[in-house]
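The values are calculated or read from the model by the stated rules, or taken from the named source; none is laboratory data. Note that the coordinates shown come from a computational prediction; the quantities given were computed from them, not determined experimentally. Ideal geometry is used to build each Cβ from the backbone, glycine not excepted, and the neighbour counts take in all protein chains shown. For accessibility, only protein heavy atoms count, side chains too; no ligands or nucleic acids. Shrake-Rupley method; radii C 1.70, N 1.55, O 1.52, S 1.80 Å.
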Amino acid sequence: MAGQVEDKVTLVTGGSSGIGRATALTLASEGAKVVVADLNVSGGEETVHLIQDAGGEGIFVEADVSKADSVEAMVNRTIETYGRLDCAFNNAGVGRGGSTVDCTEEDWEFTIKVNLTGVWLCMKYEIAQMLKQSSGAIVNTASAYGLAAAGGTPSYVASKHGVVGLTKASAMEYAAEGIRVNAVCPGHINTPMLERAMNDPESKARMLARHPIGRIGDPEDVAQAVMWLLSDAASFVTGHAMSVDGGWVAR
């Protein structure tokens, strides 16, 4: 039986580790041709090796999503290699900054530039190609903090709320053109970004208490949601911000 994304050319940013790597591997296992993009060259190349070792197809492209010329080159490389772009998972992101008073201007600008401007730049060039094809599916990584909020990280919360709004706006713009745009909103997930908190017993206990489902999420939990949103099974879904958070927002 064919996979959910059989033969679809799929671009994954932030694919060197965590949610990006898990999603790239999951998509490849379901028959997608995966373009892994990241600033982390060694990690991105390792993801592609893992795809190929499992019998999948993929390439690595070094890219900085906060820079227009780099994003344009990333999309062009995808088209040069595979001739089209069917799906994109705009996942690259950072967590940086302090409280509203303590956050520096540099940290604020860096977080917004990567997490929000980076998603807009990716969609700008991805959608331009998808319009030529009259089809495409995009998923952006927002966060549970894009639907609710927590103190101490205003730059991150603002950037992820922005991703949710940007996702909805773009979905409305291009729905009639055959292009779907959705977002995933992960809760606390076992990734390198969460490693420090997970190593602190008190922080870990607090995080577990916030999740009614009783555990921290795994990258594969998010990967499965992304794959479904990118697949034809979700053909009537656009402009949606899907919580993948163990009940954190509902609580």
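For this structure, a couple of remarks:
- Unique match (being at pLDDT below 95 and of a type in the set (Val, Ile, Thr)) among 111, 153: 153
- In segment 58-89, the residue that is farthest from residue 123 (Cα to Cα) out of those that are of a type in the set (Asp, Glu) and in contact with a Gly (Cβ under 9 Å, 6 or more places away or on another chain) is 62.
- Among the residues of segment 35-76, those identified as closer than 27 Å to residue 4 by Cβ, surrounded by fewer than 19 Cβ atoms within 10 Å (Cβ to Cβ) and among the charged types (D, E, K, R) are 45, 46, 53, 57.
- With respect to being of a type outside the set (S, T, N, Q), under 18 Å from the mean Cα position of the chain (by Cα) and more than 30 Å from residue 155 (Cβ to Cβ), residue 95 falls outside the description.
- Of all the listed residues (190, 182, 199), the sole one being closer than 27 Å to residue 137 by Cα, modelled with pLDDT under 95 and either surrounded by 16 or more Cβ atoms within 10 Å (Cβ to Cβ) or over 16 Å from the mean Cα position of the chain (by Cα) (or both) is 190.
- Every residue from segment 121-142 that is without any contact (Cβ under 8 Å) to a residue 60 or more places away in the chain and among the hydroxyl-bearing types (Ser, Thr, Tyr): 125, 134, 135
- Contact map, segment 172-189: residues that are in contact (Cβ under 8 Å) with a residue 40 or more places away in the chain and more than 30 Å from residue 211 (Cα to Cα) paired with residues that are of a type in the set (A, V, I, L, M) and surrounded by fewer than 23 Cβ atoms within 10 Å (Cβ to Cβ), Cβ distance under 9 Å, separation 6+ or inter-chain. Pairs shown: 174/127; 174/131; 177/127; 177/131; 178/131; 179/127; 179/131; 179/171.
- Of all residues in segment 34-84, those satisfying the criterion of being in a loop (DSSP other than H, G, I, E, B) and within 16 Å of the chain's Cα centre (by Cα) are 39, 40, 63, 64, 65, 66.
- Where a residue in segment 23-41 is free of Cβ contacts under 8 Å to residues at least 40 places away in the same chain and its partner, wherever it lies, is of a type in the set (S, T, N, Q) and open to solvent by 20 Å² or more (accessible area, probe 1.4 Å), with Cβ under 8 Å and at least six apart: 31/4; 40/17
- Matching option when the condition is open to solvent by less than 50 Å² (accessible area, probe 1.4 Å) and farther than 21 Å from residue 180 by Cα, among 28, 22, 32: 22
- Verdict on residue 235 being at pLDDT 95 or above and of a type in the set (Ser, Thr, Tyr): yes
- Close pairs (6 angstrom Cβ cut-off, 6 or more residues apart or separate chains): farther than 17 Å from residue 14 by Cα in segment 211-230, basic (Lys, Arg) and open to solvent by 10 Å² or more (accessible area, probe 1.4 Å) anywhere: 212/251
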